[in-house]
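Just below is one structure, and these are the notes that go with it.
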Amino acid sequence: MKITVYNPQKGRLETIDAQVAEGNTTWFDNCADNYDIHMIMDIEGGILIGEYGYSYPFCIYDKSREDIDYSQHKALELKRMYE
């Protein structure tokens, strides 16, 4: 499926193909604020970090869920490094 994401390395929105599946996505149900990390997903060559709410997921290349230990907190730190 096509997903519009924010690519901080290029500083723009882009549309990528990504398949949301149990094997490549981790969901976090403890979100209360719009900026809480709601989802991390492995994609080819990188990771998507999605916030709770209506913002575009961040696409960060050369990282994976395993690299951040499948951690919501580490995903937030990684996202902040690229903002």
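Can you order the peptides 5-14, 52-61 by their average number of other Cβ atoms within 10 Å per residue, highest first?
Put in order of decreasing packing, that is 52-61, 5-14.
Looking at the calculated P(r) for the chain, what percent of the C-alpha pair distances fall above 22 Å?
Details: 468 of 3403 pairs.
More than 22 Å apart: 14 percent of the Cα pairs in the chain.
If I stretch the segment between Lys74 and Gln19 completely, what's the gain in nm (0.36 nm per residue apart, minus their alpha carbon distance), one decimal?
Numbers: separation 55, 0.36 × 55 = 19.80 nm, distance 2.26 nm.
Computed gain between Lys74 and Gln19 is 17.5 nm.
Express in nm, to one decimal, how much length is gained between Tyr61 and Asp29 on full extension, taking 0.36 nm for each residue of separation and deducting their alpha carbon distance. Could you put the intermediate results ahead of the total?
Numbers: separation 32, 0.36 × 32 = 11.52 nm, distance 2.48 nm.
This chain segment gains 9.0 nm when fully extended.
Straight-line reach only, C-alpha to C-alpha below 22 angstrom: list the lysines that Lys2 could link to, leaving out same-chain residues fewer than 8 apart.
By straight Cα distance, Lys2 reaches Lys10, Lys63, Lys79.
Select from His38, Cys59, Gln19 the residue farthest towards the positive end of the dipole of the chain; place +1 on Cβ of Lys and Arg, -1 on Cβ of Asp and Glu, and compute about the Cα centre.
So the residue furthest toward the plus end is Cys59.
Sort 70-80, 17-27, 36-46 by the packing proxy (mean of other Cβ within 10 Å over each peptide's residues), most packed first.
Numbers: 70-80: 16.1, 17-27: 12.6, 36-46: 18.6.
With the highest mean Cβ count within 10 Å placed first, the list reads 36-46, 70-80, 17-27.
Bear in mind these aren't lab numbers, they're just calculated from the coordinates by the rules spelled out. These figures come from a predicted structure and were not determined experimentally. Positions of Cβ are generated from backbone atoms using ideal geometry, with glycine treated the same way; all protein chains shown enter the neighbour counts.
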